[in-house]
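The values are calculated or read from the model by the stated rules, or taken from the named source; none is laboratory data. The structure displayed is predicted, hence computed values, not measured ones. Cβ placement follows ideal geometry from the backbone for every residue including glycine, while neighbour counts extend to all protein chains displayed. The protein model used for the area step is the full one, side chains on, heavy atoms only, and it has no ligands, DNA or RNA in it. Shrake-Rupley method; radii C 1.70, N 1.55, O 1.52, S 1.80 Å.
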Amino acid sequence: MKHSDAVSHTRGESQYVDDIPPPSGMLYAAVFSSPVMHGKIKALHIQDAYTVDGIVTVLTAKDIPGENQIGSVIPDEELLSGDEVCYVGQPVALVIGTSPENAGRGVRKIIMEVDELPAVTDPKEAFLKGKIIGTPRTFVFGDVDTAWQKCDLVAEGTCDIGGQEHVYLETQRSRAIPLDENIIRIISSTQSPSAVQRHAAKVLGLRNHSIEVNVMRLGGGFGGKEDQATSWACMAALAAWHTRRPVELVLGRTDDIKMTGKRHPYRSEFKIGVTREGKILAYEVKHYQNSGATADLSPAVLERTLLHSTNSYFIPNVRIYGVCCRTNLPSNTAFRGFGGPQGMFVIESAITMVAEKLGVSREAIQAKNLLKENDLFPYGQNARNCRSQLTWYKAAEKYRLSEILQKVEAYNNAHFETKKGIAVMPISFGISFTTLSMNQAGALVHVYTDGSVSISTGGVEMGQGLKSNIAGIAAKAFGIKHDRIRIENTNTTRVANMSPSAASATTVLNGNATLAAIKQILCRLKPVVAKELHVQDMEKITVVDENILCDGRETGWTWDMLVQKAHLNRIDLSAHGFFATPEIYFDKTKEKGHPFAYHIFGTAITEVTLDCLRGTYDVDSVRIVHDLGRPLSELVDRGQVEGGLAQGLGWMTMEDLRFNEKGHLLSGALATYKVPDVYFMPDDIEVTFLQDEGNTLGPYGNKAVGEPPLMYGIGVFFAIRYAMRAFRPKKEFDFISPLTPERVLLQLYSDRK
Amino acid sequence: LRTVCFGYFLEIPDRLRKIPSPAIESDVSEKVTPGYFVAGGTDIYVQKGEVLVESGVHLLNMNHELKNIYKKDGYVHVGALTTFEEFANHQEIINGIPYIQTYMSRVASLQIRNRATLGGNVINATPIGDLTIILLALDAILILKNDGESRSVPMMSFYTGYKQLDKIPSEVLVDILIPESSADNKINFEKVSKRKYLDIASVNSAMKIRCEDGVIREITLAMGGVAPIPLILKATGNYLFGKQVCKEDIEGAFPIVQQEISPINDVRGSVEYKRLLAKQLIIAHFTKLFPEKVAVRDFYET
């Protein structure tokens, strides 16, 4: 099955927020934001904005009728700053004009006087100054302190991990329309409609039922619109509330990159102990997360870093420490992988370091320590349906790992100015929201009298193919054709209290809720036909290809006939379904529990060629064995694997967030912030899916696929490093990402003048 | 899906033809009020998109006569409005720069190359303009026109400071003259950027060189991203003139290169990186053009 939006996307007909024809009299908002990293606002001169033609009003913190607060985990984030600014790009005032251009001109007239305060951008420095968010977390497993003595080699190192801009194609945007009875309808590009609803209500001093949030589709989210779509929606709502006119707020790319948070950079310090044979006995790591100015989702992101700090390995003695460090940068936020990738990068670095010191291959150490069935993760959950070794050995066999390694060595012996590198990257990624309450979803299913079906869920289509998946699930469950099914946009009046579309869990949660609703409708429909056929046992009735079967035999009844008959008999053809993930729990006082419904496993083999004269590299191939369960739509899932891989490769190599000493992002445009393009992606991407029925939680055996493939991209860092070591065998290289051509070249030649 | 989509795309030219063209003034020689000359617009609309909307704009691309490429009196004349793609696909240019299409693949995207003009690249004056660096190494001469009068300026003296030109605002670049290259000229272009394709260079460089009996008899070295202007490495060229293509003489040029360049720290790279790249790209020029004489191994094997 193809992606449900494929045709309309290709023809440019898909509607996004600002493609909807504007209602008459609509106004446009633009945001004035802090030009400094940190300071007390002395004075805000907004009057000059009114000298621009077409300016209707300028709104500041004091114009907020409700509570000036949009913090989702910790209430530490104002919608518009009143007294203090904590990063460049922090929203301070909102200019409303008759056109986006007018509003933009108005913004440029505003002057803010600030008493500048000292600013911090380095997470460790912030930590040492006591600037932390929440409380530090520590996971303990076994006894690291006594284990060091049993190790033949103990190595210590530091990782500096770069952040990542989301670069969703559609920047942040929202339109708010005032309705009668003091209701405001918000059309938002958000992954979290209910968060927008809650916060807009809070900001305006209204009840949740006075805010309706509608989401059609997103032009990409990647986590950047999980928490951080909220502010722009609230601002549009605030402006609509004041002007009583529709107001649209669209961030241009420059403003979007400047004002929104990114993947968290980390400083991580590790210590690892191994036996002579390469068995890892102990691992200790301290993660200093660069959280930015506010909490946002940082504590939850940090938690997942801790949960994934041992990746796909079993380590008997572990201590993992993590702390959110408050810095004067835009608040960093959710991003595909949600802290997991950073945790994995550090253990992979630690393994690389001991391999280099022991003089053995990285793969030898990795293979020796892979998780086995029932091994414990440091947080107390057993590895079940563990495919760590299975995917590793399947990849090694299918893609002939030992041959590749020999070829790489032979190439490197034969070539001087170019070297090849290789890395194997196993992943183990936990599926579920780590915040327990979020693991729930609702769906509303209507069957119309012509037999067509309308489905609303709490999930948001953001290009990931949710609509295709839900339609596939529903068609299968009803036993009818795909074209009978319409997946509606996402709306808070149809499905309430939604969890964000995130954590790779959108299909499993909303798909199961859809199944629960369909089950109710089928339970009401089947007796209608059973009565007509004088059948007692409802189990005998099935719908296959729109025909009603009894005991597998045709009955002459069709789906259309059944639906019409049921309606005439006054049978309810609508149902609301609900799903909550079973089994999961986590005890934060002990830092133990069963936080994940299951884990996704996989292994990727990455090959690169390094130009040692110029410091540039090509990714030759990435070959993956991925644990997919039973795909609902293999094409859609393949798209997720390849897209995630691209994003992971970019994060590790070229995506380079450079701030100057004044906290301005130098790489704040797509001319300077580079993401992988079609040329950068290897021509040779092979993906093999493990298909089995190992997963009982996903609809029809489906497994989550959104985030895990991103982490295959981590392999490229170690593949490039492999090639660097082939050129300079005796040199020590650092663990700083992204590994840009600049970092490569400087490290290759830093000691040679 | 196939019929739905393909039909849609096939109809695009028809739909475009139906859009009425606005009346556009097209005479370059006409006196212009203050405003912006726009050639392909691929740089200026990125840099000054918001300003241009409210400014006087003089669209140059209606002047088809500024698109010609022809040979005359020992020069290849390239009209200033020649697009990157037209340039790279013209036989006269391919004759002079055999690998131009390989180099061009590293410059912008096909869509931009079909729109961006050589003249626009030269006048934009970015210190890392790829075509600018190539034209500099080819010893190009610029013809500027002002109200019917024209004058010529060697490209190497055209740039006087960061985005400062030997040109008054009303002058328009109309023609670029490239001296006809002799058969034994060798040309190479190097570019290093964070992303290999569709990216702006950290440092780029072009070299034109002619040897007789193993001795360098003619050399022009241009380098971008290492100074406020697209730079000709004059002293380095002077030093290499008359030298052999050998490891020792090339290494002798390294300190001179470092003296000639003055890179700054910016988002395209640190000073240290750009200085290292300057050296690496000199090695790259020689090892690529004279593989029988020098190899990378000679410079770095320990």
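Which ones in the range B:232-260 are among the hydroxyl-bearing types (Ser, Thr, Tyr) and surrounded by fewer than 20 Cβ atoms within 10 Å (Cβ to Cβ)?
Selection gives B:239 alone.
Being away from every other protein chain (no Cβ under 14 Å) and modelled with pLDDT under 85 is true of residue B:64. For the range A:715-728, the condition of being out of contact with any Phe, Trp or Tyr (no Cβ under 9 Å at 6 or more places or on another chain), modelled with pLDDT under 95 and either under 26 Å from residue A:305 (Cα atoms) or more than 14 Å from chain B (Cβ to nearest Cβ) (or both) holds for none of the residues.
Among the residues of the range A:1-17, those that are more than 14 Å from chain B (Cβ to nearest Cβ) and surrounded by fewer than 19 Cβ atoms within 10 Å (Cβ to Cβ) comprise A:15, A:16.
Scanning the range A:408-419 for residues that are touching a Lys or Arg at 6+ places or on another chain (Cβ under 8 Å) and not acidic (Asp, Glu), we see that the one that is most open to solvent (accessible area, probe 1.4 Å) is A:411. Within the range A:733-748, can one find any residue that is modelled with pLDDT under 95 and assigned to a loop (DSSP other than H, G, I, E, B)? No, the range A:733-748 has no match at all. Within the option set B:50, B:92, B:54, being closer than 16 Å to residue B:176 by Cβ and surrounded by fewer than 19 Cβ atoms within 10 Å (Cβ to Cβ) holds for one residue only, B:92.
All of (1) more than 38 Å from the chain's Cα centre (by Cα); (2) closer than 30 Å to residue A:309 by Cβ hold for residue A:530 with one exception: (2).
Within the range A:706-722, the set of residues being closer than 16 Å to residue A:392 by Cβ and either surrounded by fewer than 24 Cβ atoms within 10 Å (Cβ to Cβ) or among the β-branched types (Val, Ile, Thr) (or both) comprises A:714 only. So for the range A:220-234 (the condition being over 20 Å from the mean Cα position of the chain (by Cα), open to solvent by 20 Å² or more (accessible area, probe 1.4 Å) and modelled with pLDDT of 95 or more), does at least one residue qualify? Scanning the range A:220-234, I find no residue that is over 20 Å from the mean Cα position of the chain (by Cα), open to solvent by 20 Å² or more (accessible area, probe 1.4 Å) and modelled with pLDDT of 95 or more, so the answer is no.
Among the residues of this structure, residue B:102 counts as one that is open to solvent by 30 Å² or more (accessible area, probe 1.4 Å), among the polar types (S, T, N, Q) and within 14 Å of chain A (Cβ to nearest Cβ). Given the condition of a type in the set (Gly, Ala, Ser), closer than 30 Å to residue A:434 by Cα and in a strand (DSSP E or B), answer yes or no: does some residue in the range A:649-660 qualify? Checked against the condition, which is being of a type in the set (Gly, Ala, Ser), closer than 30 Å to residue A:434 by Cα and in a strand (DSSP E or B), the range A:649-660 yields no hits at all.
Do we find a residue being under 20 Å from residue B:133 (Cβ atoms) and within 14 Å of chain A (Cβ to nearest Cβ) anywhere in the range B:225-244? Yes, some residue in the range B:225-244 is under 20 Å from residue B:133 (Cβ atoms) and within 14 Å of chain A (Cβ to nearest Cβ). Checked against the criterion of being within 14 Å of another protein chain (Cβ to nearest Cβ) and within 27 Å of residue A:469 (Cα to Cα), the candidates A:744, A:678, A:687 yield just one match: A:678. Checking the condition open to solvent by 10 Å² or more (accessible area, probe 1.4 Å), modelled with pLDDT of 95 or more, in contact with a strand residue (DSSP E or B) (Cβ under 7 Å, 6 or more places away or on another chain) and within 18 Å of residue A:600 (Cβ to Cβ), which residue from A:382, A:317, A:311 passes? Sole residue among the options that is open to solvent by 10 Å² or more (accessible area, probe 1.4 Å), modelled with pLDDT of 95 or more, in contact with a strand residue (DSSP E or B) (Cβ under 7 Å, 6 or more places away or on another chain) and within 18 Å of residue A:600 (Cβ to Cβ): A:382. Taking each residue of the range B:287-302 that is within 18 Å of residue A:730 (Cβ to Cβ) and at pLDDT 95 or above and looking for partners that are of a type outside the set (Gly, Ala, Ser) and open to solvent by 40 Å² or more (accessible area, probe 1.4 Å) with beta-carbon atoms closer than 8 Å, six or more apart or interchain, yields B:297/A:417. Restricted to strands (runs of 3 or more DSSP E) entirely inside the range A:571-636, those with at least 1 residues that are touching a helix residue (DSSP H, G or I) at 6+ places or on another chain (Cβ under 8 Å), within 14 Å of chain B (Cβ to nearest Cβ) and open to solvent by less than 50 Å² (accessible area, probe 1.4 Å) are A:598-611, A:616-627. Those residues that are in contact (Cβ under 8 Å) with a residue 40 or more places away in the chain and at the interface with chain A (Cβ under 7 Å from one of its Cβ atoms), I need them from the range B:175-201; list them, please. Selection gives B:192, B:194, B:196, B:197, B:198, B:200.
Residues are listed down the side, and each one gets a yes or a no for (1) among the polar types (S, T, N, Q); (2) open to solvent by 30 Å² or more (accessible area, probe 1.4 Å); (3) more than 34 Å from the chain's Cα centre (by Cα):
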| site | (1), (2), (3) |
| --- | --- |
| A:48 | no, yes, yes |
| A:75 | no, yes, no |
| A:82 | no, yes, no |
| A:135 | yes, yes, no |
| A:142 | no, yes, no |
| A:155 | no, no, no |
| A:158 | yes, yes, no |
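A single member of A:653, A:688, A:696 is surrounded by fewer than 18 Cβ atoms within 10 Å (Cβ to Cβ), in contact (Cβ under 8 Å) with a residue 24 or more places away in the chain and polar (S, T, N, Q), and it is A:688.
Can you confirm whether the range B:206-229 contains a residue that is at pLDDT 95 or above, assigned to a helix (DSSP H, G or I) and either open to solvent by less than 10 Å² (accessible area, probe 1.4 Å) or among the aliphatic types (A, V, I, L, M) (or both)? Checked the range B:206-229: no residue is at pLDDT 95 or above, assigned to a helix (DSSP H, G or I) and either open to solvent by less than 10 Å² (accessible area, probe 1.4 Å) or among the aliphatic types (A, V, I, L, M) (or both). Note on the range A:161-189: among residues that are part of a loop (DSSP other than H, G, I, E, B) and of a type in the set (S, T, N, Q), the one that is surrounded by the fewest Cβ atoms within 10 Å (Cβ to Cβ) is A:182.
Taking residue B:267 and the conditions (1) open to solvent by 10 Å² or more (accessible area, probe 1.4 Å); (2) of a type in the set (Val, Ile, Thr); (3) more than 10 Å from chain A (Cβ to nearest Cβ), which numbered condition does it fall short on, given that it satisfies the others? (3) is the only condition that residue B:267 fails.
For beta carbons closer than 9 Å, sequence separation of 6+ or different chains, a first residue in the range A:441-466 that is touching a residue at least 60 places away in the same chain (Cβ under 8 Å) and a second that is among the aromatic types (Phe, Trp, Tyr) and part of a strand (DSSP E or B), the qualifying pairs are A:441/A:578; A:441/A:579; A:442/A:578; A:442/A:579; A:443/A:578; A:443/A:579. Residues to consider are B:141, B:168; find the one that is more than 14 Å from chain A (Cβ to nearest Cβ), surrounded by fewer than 14 Cβ atoms within 10 Å (Cβ to Cβ) and either of a type in the set (A, V, I, L, M) or under 15 Å from the mean Cα position of the chain (by Cα) (or both). Of the residues listed, the single one that is more than 14 Å from chain A (Cβ to nearest Cβ), surrounded by fewer than 14 Cβ atoms within 10 Å (Cβ to Cβ) and either of a type in the set (A, V, I, L, M) or under 15 Å from the mean Cα position of the chain (by Cα) (or both) is B:168. Do you know which residues across the range A:357-367 are outside any loop (DSSP other than H, G, I, E, B), of a type outside the set (Val, Ile, Thr) and buried (at least 16 other Cβ atoms within 10 Å of the Cβ)? Selection gives A:358, A:362, A:363, A:366, A:367. Being open to solvent by less than 30 Å² (accessible area, probe 1.4 Å) and within 23 Å of residue A:324 (Cα to Cα) is a property that residue A:95 lacks.
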